Structure formats: structure tokens, C-alpha cells
Amino acid sequence: MRYSKGKKILFAILIIPVVIFVFVTVVMYLWNWLIPELFNGPVVTFWQAFGLILLSKILFGGFKGGGHRSGPSKWGGNWKQKFKDMSPEERVAFKEKWANKWNCGRTNDFENETSKSLENPEK
């Protein structure tokens, strides 16, 4: 059965509020079942549960699909693959650049690590 674009939009408009209502209701009942008993916390209403979900989404998930992603990072591609593709000299230069930028007084540790990576380029 094929749906037109208008029917899909109408279906989404009808089903999304139902899904949100069910999810918030489940969170509210779980909260009211567990938190007052375990931690002597407050009982929450439907709108307070909705606010808790919204707050947790903002703090922990964001609004771009949520959760942690693997693969290319948002800061310029897959940096692990780029690092693997570097020659040993390029790796040392890269490490020196970032060590100088974020030094915090640890030059001796960095010099030891870069000399080891020059001796053993597979690391």
C-alpha cells in the first residue's frame, strides 16, 4: 500500500504526540515508583516528568541525534586514520606542535615519548 506525502505527514502529526505521551507517562510512573521509595524524593507530575526528559536530553544527548557517535569526528574527519597514515617524522612534528600548545610543564615526558616513537615507528 503506497502512501502519499500528505498522508505520511498526517500520520506523523497524529503518532508523534501519542509516542511522546506514552514515553513521558512511562518515565513518570517509573520515577514515582522508584525515587520516593529509594531516595525519599518527590513524586512528579506529567509535566515535571516531561521537563526532566527535556533537561536530560539537553544535558546528556543534545538535539542532533543524541548519544555518542563513532567514526569521523566533528573536528575534521577521522583523526585516528590520519594519525596512522602519518610518517614517523610527521607524527613527531604533530606531537611537538600539540605538546607546545598544551605543555603544562611536561617537556621531559614528551621528549622521552618522541624519542621512543622515532626508535619504534609502529607505535
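Each value in this text was obtained by applying a stated rule to the coordinates, not by laboratory testing. Only a predicted model underlies this, so the values are computations on that prediction, with no experimental measurement involved. Every residue, glycine as well, gets a Cβ built from its backbone with ideal geometry; the counts of neighbours run over all protein chains shown.
I need the full set of residues from segment 34-45 which are surrounded by 11 or more Cβ atoms within 10 Å (Cβ to Cβ) and in a helix (DSSP H, G or I), in order please.
LEU34, ILE35, PRO36
Residues being surrounded by 10 or more Cβ atoms within 10 Å (Cβ to Cβ) and among the aliphatic types (A, V, I, L, M): count how many of those fall in segment 1-11.
Applying the first criterion (surrounded by 10 or more Cβ atoms within 10 Å (Cβ to Cβ)) to segment 1-11 yields 3, 7-11.
From what is left, the residues that are among the aliphatic types (A, V, I, L, M) are 9-10.
The number of residues fulfilling the criteria is 2.
For segment 1-33, give me each residue that is among the basic types (Lys, Arg) and in a helix (DSSP H, G or I).
LYS5, LYS7, LYS8 - these are the residues of segment 1-33 that are among the basic types (Lys, Arg) and in a helix (DSSP H, G or I).
Is there any pair with a first residue in segment 33-56 that is hydrophobic (A, V, I, L, M, F, W, C) and a second that is surrounded by 11 or more Cβ atoms within 10 Å (Cβ to Cβ) and part of a loop (DSSP other than H, G, I, E, B) whose Cβ atoms are under 6 Å apart and which are 6 or more apart or on different chains, and what are they?
Sorted first by the residue in segment 33-56, then by its partner, the pairs are ILE35/GLY41.
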